[in-house]
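J.: Got a structure here, written out as structure tokens. Questions coming.
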Amino acid sequence: MALLSLGINHLTAPVDIREKVAFAPERMTVALAELQDIPAINESVIVSTCNRTEIYCDASSDCSEVIAHWLTEHHGINENSLTPYIYHHSEQEVARHLFRVASGLDSMVLGEPQILGQLKDSYDRARGDNTINSILDRLFQHSFSVAKRVRTDTEIGSNPVSVAFAAVSLSKQIFGNLNELHALLIGAGETIELVSRHLKSQQIGSMTIANRSIDRARLLADQIGAEAVPINTVTEQLVRADIVISSTASQLPILGKGAIESALKQRKHRPIFMVDLAVPRDIEPEAGKLQDIYLYTVDDLTSVVDENLRGREQAAEAAQEIVNLEVTLFDQWLKTHQSSDHIRQLRDSAELVKQQAIEKALLQLAQNADPQQAMQRLANEITNKLLHRPTIEMRKALQQGDEERIQLLKSLIAPDPN
């Protein structure tokens, strides 16, 4: 029995290689069925995300090369073009790798939580396709509990490491509960999209997307349940905005100090938290001097992100200690499980010898053989067959002077004192 995994990820392969071996969700069932057709494979799980493709197997022998060949054949690519990027793990290193992946220690963004959900999806798919049994079931369930423990016992996921997430986290620090607040988001690019999704996850009361392309603004607004407006209406929108986050490609400021000051008067000086993520800046820096305006720039947040990343790196050391301990625990379970299989196989072999001998004895008795002689032959046959292999091994041990093996073999055939 061999626990093994192989794959590529963002650390070992460029994106043009990763995309060639990615598995489309609708093709996963077929891929798992093909994997299971490899004679040595007992169980299999395929993990496929934008940053990694990995195959986990329990097999009767190490068939990593066969799996690698299947992977290239399945995707129709040259095996030599993929081989330099593939990593292999076996036995307890499979558990160590998976536990690191589940905990976000192997991610492009250290500590990111999305990979855990992706692993659970891969596990569920394999279960649905009946390619998981006791070994991989235990391995993946253990990885989920390790990830939960890492999240609970370390600070690896507590500090934002993207400016979009940092902006939303900062707004939550300032206001606390966001569910009665209104956010004005200026722009509709990737950064603002991330900001909007983070705000939605924090249950922001309402949002408005202001953009030069109203169609692009509507597209994003429809996805997150927001309102879309033209960018030339931002000064009007400012009056009801408790949070303003801007990220456009404008070469000139979109919000000036005067417009912001006017909005504050209409708001009766209720504070506005503003984050300018644009370069060049969208909000005149002088606005930060106004009372009741809390203005942060991308540089302010970058320093926060850098500090948080250092905090995550320190937390990663503690997380790795948890992973190492859990690998030892899983390895102990695996050895116990495997030893049970070996013991069962040993007993099955002895049972077969016994049944064959009984069948012969019954046949002799049916042919009117002497019962005492039949019983004697039964005992002799069982004894000879069970001692055949130990006798051969004892001779080898005696010839080699292997005292430890000699004593072990003696203990196996010694009479039970009870």
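J.: Exactly one condition in (1) among the hydrophobic types (A, V, I, L, M, F, W, C); (2) over 32 Å from the mean Cα position of the chain (by Cα); (3) modelled with pLDDT under 95; (4) not in a loop (DSSP other than H, G, I, E, B) is false for A278; which is it?
T.: (4)
J.: Moving to a separate point now. Does the range 103-115 hold any residues that are in contact (Cβ under 8 Å) with a residue 24 or more places away in the chain and closer than 26 Å to V30 by Cβ, and which are they?
T.: The one that is in contact (Cβ under 8 Å) with a residue 24 or more places away in the chain and closer than 26 Å to V30 by Cβ: I115.
J.: So P25 passes all but one of these: (1) buried (at least 18 other Cβ atoms within 10 Å of the Cβ); (2) within 25 Å of L116 (Cβ to Cβ). Which condition number does it fail?
T.: Of everything listed in (1) buried (at least 18 other Cβ atoms within 10 Å of the Cβ); (2) within 25 Å of L116 (Cβ to Cβ), P25 misses just condition (1).
J.: Taking T297 as the residue in question, decide whether it is assigned by TED's automatic domain parsing to the domain that holds G258 and either more than 30 Å from S247 (Cα to Cα) or not acidic (D, E) (or both).
T.: Yes.
J.: Given the options I77, I67, name the one that is outside any helix (DSSP H, G or I), closer than 20 Å to I17 by Cα and among the aliphatic types (A, V, I, L, M).
T.: Selected residue: I77, the only one of I77, I67 that is outside any helix (DSSP H, G or I), closer than 20 Å to I17 by Cα and among the aliphatic types (A, V, I, L, M).
J.: Still on this structure, please answer the following. Answer with yes or no whether I38 is assigned to a loop (DSSP other than H, G, I, E, B) and modelled with pLDDT of 95 or more.
T.: yes
J.: Sort out which residues of the range 66-90 are touching an Asp or Glu at 6+ places or on another chain (Cβ under 8 Å) and aliphatic (A, V, I, L, M), and write them in order of number.
T.: Correct list: A68 only.
The values are calculated or read from the model by the stated rules, or taken from the named source; none is laboratory data. Quantities reported herein were computed from a predicted structural model and do not represent experimental measurements. Neighbour counts are summed over all protein chains in view; Cβ atoms, including those assigned to glycine, are modelled from backbone coordinates with ideal geometry.
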